[in-house]
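Everything below concerns the one structure shown next.
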Amino acid sequence: ELANIGAVLLLFLFIFALMGQQVFAKVAFNGAHNEHANFRTFHHSVFLLLRFATGENWNGFMHDFVEDVEGCVDDPEYDEAVCGFNDGPGCVPLNGCGRDSIFPFLLVFNVVVSFVFINIFIGPMLDAFATSDETKDAVSRSEFERFAHLWSKYDPECKYFIDVRHFKLLLRDLGPGWGMERPKSEAAANGADKRNLKLMFMYELPIYELDGVRSHHFKDVILSVSETAVRMRLRAKAMRQGNRPTTLPKEASFAHPEIKDRLKRLKTLHMNSMPSSITPTERSETSADEIAALFVQRRFRTFLEAKRERMAQAHAEVEVVELRLPASGES
């Protein structure tokens, strides 16, 4: 942020220095406008504007600059014997008349530069407040360590990969704070399962083939789960405060800065040096595809079971009718 604002400030200094040199280079020295403070060369223009950016006597310079010296010329012609065109020994002082355009020039410059300076000081403070607020809701170090401990349950050999079938079990072990809902009763189990399935569908984790086993990588899982956890925390906070939940920006922090550093090192150590036995699945499948396939299979099995029950019930009713018919004939 500071680098961007500094670059904008330098750009404005460059533009205004060139403008000043082009328009005011031929004005004669007078008072505060002297051999040390003038627009006759580019470097003099830059240093002069830097002084004005700090507020040093820019208004006094402006009033001295606009005054005409005796015998001044509106637009002096080029002459090698005149100072400014050739600053050699014994040169004749340049005698250009003052210009009223110095007023809007310096006023606009000071307004623009003041605005940039305000951003230099205010911008980082606002970023610090935003980062502090994000860090408060982000995944903490203790939560990260708990996640790593539970991960080791399904990755005892520390390969940084777990079977895709263990992903749901891992989320259940993590508990509600990370998104998975545990039903409080059997009656609420069906609704909780549906919400959990919808939540898992949001994770678009890459699937890798590790020795023939479809697997997820540690880095992908922790980043995706952390993002979901922070989104849910901010949504719950907004609802408690009576505010409408807002969409979390992509650049928002989902993990504590210390955790981010760990994940960067993890990526360098493990993601860039994967064994040759680890390859992405065909068509770059993700966990969302896996969950969608499981959902379709689950609905299809439910449909088949319901159909079998209806057929069994129909057969039972037919058998009952057949058993009753002979009894009716005998009577």
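The values are calculated or read from the model by the stated rules, or taken from the named source; none is laboratory data. Remember, predicted model here, so these are calculated numbers, not experimental data. Cβ atoms come from the backbone with ideal geometry, glycine included; neighbour counts cover every protein chain shown.
The criterion of being at pLDDT 90 or above and under 49 Å from the mean Cα position of the chain (by Cα) holds for residue 15. Of all the numbered requirements in (1) modelled with pLDDT under 80; (2) under 30 Å from residue 237 (Cβ atoms), residue 146 misses one, and that requirement is (1). Taking every residue in the stretch 100-113 that is in contact (Cβ under 8 Å) with a residue 60 or more places away in the chain and pairing it with any residue that is not in a helix (DSSP H, G or I), at least 6 positions away or on another chain, the pairs with Cβ-Cβ distances below 9 Å are 102/27; 105/99. Scanning the stretch 73-88 for residues that are closer than 22 Å to residue 32 by Cα, surrounded by fewer than 17 Cβ atoms within 10 Å (Cβ to Cβ) and at pLDDT 85 or above yields 73, 74, 75.
Just one residue in the set 52, 61 is within 44 Å of the chain's Cα centre (by Cα) and at pLDDT 85 or above; that residue is 52. Among the hydroxyl-bearing types (Ser, Thr, Tyr), at pLDDT 90 or above and farther than 30 Å from residue 4 by Cβ: is that true of residue 45 in this structure? Answer is no for this residue. In the stretch 89-110, of all residues being closer than 18 Å to residue 29 by Cβ and β-branched (Val, Ile, Thr), the one that is modelled with the lowest pLDDT corresponds to 92. Among the residues of the stretch 153-171, the ones that are buried (at least 16 other Cβ atoms within 10 Å of the Cβ), within 17 Å of residue 212 (Cα to Cα) and not aromatic (Phe, Trp, Tyr) come to 4 in all.
Residues in the stretch 31-54 that are surrounded by 15 or more Cβ atoms within 10 Å (Cβ to Cβ) and among the small types (Gly, Ala, Ser): 32, 37, 45, 53.
Please verify whether residue 173 is under 26 Å from residue 296 (Cβ atoms) and either assigned to a helix (DSSP H, G or I) or modelled with pLDDT of 85 or more (or both), treating the condition exactly as stated. So residue 173 fails the test.
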